[in-house]
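Taking it in order: structure first as structure tokens, then the write-up.
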Amino acid sequence: MGARKQTRPKGDAAASELRILVLHGPNLNLLGTREPEIYGHTTLADIHLVMAERARAAGVLLESFQSNSEGELINRVQAAASEGVAFIILNPAGYTHTSVALRDALAAVDIPFVEVHLSNVHAREPFRRHSYFSDIASGVISGLGSQGYELALEYALRQLSLRAQG
């Protein structure tokens, strides 16, 4: 079962509040210990704390969900549409190169998203250079470590702010 963390802004959460979903694919639960020479020592919990603090300051509800199961990630994307999620930050991890089904779910819900990779996938094995998501993503951040998530969040907050202004 996937791990879900939700951080609400201070005060009562209105039904109309802006929501961002951060999706983490397989093996990202091992961050901090898994191949630190590639992925660093920052844990998924560390990443969530930094992002949650920034989202809270912006008055946005941030939810983080990690799963090693493709089906759980697809179910979470589908649920996001009915929950009013306004933006998704996605690190599909190994599913980047294999999951047409997850791509189809993202296309179906039509929620804008940024694709994030901790490592520079273009400087690694050739099979990692192809993504099933990049062509439908609002943008791609690769190779900046955990800072990539922070940059994706700043982009999402800016896009939501522009959308709110009309």
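All of the numbers you see were taken from the coordinates with simple rules; none came from a lab. The shown structure was predicted, so the numbers you read here are calculated from the model rather than taken from an experiment. Glycine also receives a Cβ, built like all others from the backbone with ideal geometry; neighbour counts cover every protein chain displayed.
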Between beta-carbons, use under 14 Å as the cut-off and find the net charge around Ile111, counting Lys and Arg +1, Asp and Glu -1.
-1
Local electrostatic count at Leu144 - Lys and Arg +1, Asp and Glu -1, tallied over other residues with Cβ under 14 Å:
-3
Taking a ≥ b ≥ c as the square roots of the eigenvalues of the Cα gyration tensor of segment 32-109, is the shape rounded (a/c under 1.5), prolate (a/b larger than b/c) or oblate?
oblate
Would you mind checking the tilt of helix 70-83 against the longest principal axis of the Cα atoms of the chain, expressed as 0 to 90 degrees and rounded to 10?
20
Computed over the chain: relative contact order in percent, which uses C-alpha pairs under 8 Å that are six or more apart:
26
Loop-located trypsin sites (Lys or Arg not before Pro) in segment 80-166 whose Cβ has at most 15 other Cβ within 10 Å (DSSP):
Arg124
Got a sec? Charge dipole of segment 39-166, +1 on Cβ for Lys and Arg, -1 for Asp and Glu; which of Ala55, Leu102, Tyr155 is way out at the positive end?
Tyr155
Can you tell me the dipole magnitude for segment 18-165 around its Cα centre, using point charges on the Cβ only (Lys, Arg +1; Asp, Glu -1), in Debye to the nearest 20?
200
Over the chain, the sum of -39500 (n - 2.57) across DSSP H runs of at least four, divided by residue number and rounded to 500 deg cm²/dmol, gives at 222 nm -11500 deg cm²/dmol
Can you bin every Cα-Cα distance in the chain into 5 Å intervals starting at zero and give me the percent of pairs per bin, rounded to whole numbers?
1, 9, 19, 24, 22, 15, 7, 2, 1, 0
What do you get for the angle between helix 44-57 and the principal long axis of the chain? Use alpha-carbon atoms, 0 to 90 degrees, nearest ten.
30
Expressed in nm to one decimal, what extension gain is obtained for the pair Ile38 and His122 from 0.36 nm per residue of sequence separation less their Cα-Cα distance?
28.9 nm
